[in-house]
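*Asks:* Following this message is one structure expressed as structure tokens.
Here, each number is a calculation from the coordinates, and none is a lab measurement. Treat the numbers as computed from the prediction; the structure is a model and nothing was measured. Positions of Cβ are generated from backbone atoms using ideal geometry, with glycine treated the same way; all protein chains shown enter the neighbour counts.
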Amino acid sequence: MKKTKLPIDIINWYISPHTHTLTGHIPLKEYDQLIEKYRLRKGIQYTNVSYIDDRNDEFYRFSNIGNIEYSKKEGDNYIVIDSKKKEYLIKWENMDRYFFDRFLKFTKNYLDDILV
């Protein structure tokens, strides 16, 4: 049975109004999560962690994901596909607050323009 791959859920994301690139915090892979949890217990400094979600003890790294090829609407949220064909789930409640306040209309229009 083929395992279906879920889209990566990113937080504190935004789409740059000038370059149209997606940027945000991506969760670390499972193995890296374990290493960072071990480091946290031992008091060792984090290596590639830029954000820790206290609600579920998940570690994230900040990443410039790149250009978006197209998007798919899923309810109120969107799934965007980058040039490497990776899928990212972007939820409005996880959008960076600065960009949410200033560029929400632009972002919605841009995602609607590249819908498939």
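*Asks:* In debye to the nearest 20, how big a dipole does region 8-113 give about its Cα centre with +1 on each Lys and Arg Cβ and -1 on each Asp and Glu Cβ?
*Replies:* Roughly 260 debye, rounded to the nearest 20.
*Asks:* While we're on this one: Please tell me the relative contact order of region 1-43 in percent, rounded to the nearest whole number, where contacts are Cα pairs under 8 Å and at least six residues apart.
*Replies:* Worked out over region 1-43, it gives 28 percent.
*Asks:* Any chance you could tell me what percent of the C-alpha pair distances in the chain go past 18 Å?
*Replies:* 53 percent
*Asks:* Right, something else. Loop-only trypsin sites (Lys or Arg not before Pro) in region 24-116, please: DSSP not H, G, I, E or B, and at most 12 other Cβ atoms within 10 Å.
*Replies:* Lys29, Arg55, Lys84, Lys85
*Asks:* Using alpha-carbon pairs under 8 Å, 6+ residues apart, how would you state the relative contact order of the chain in percent?
*Replies:* 29 percent
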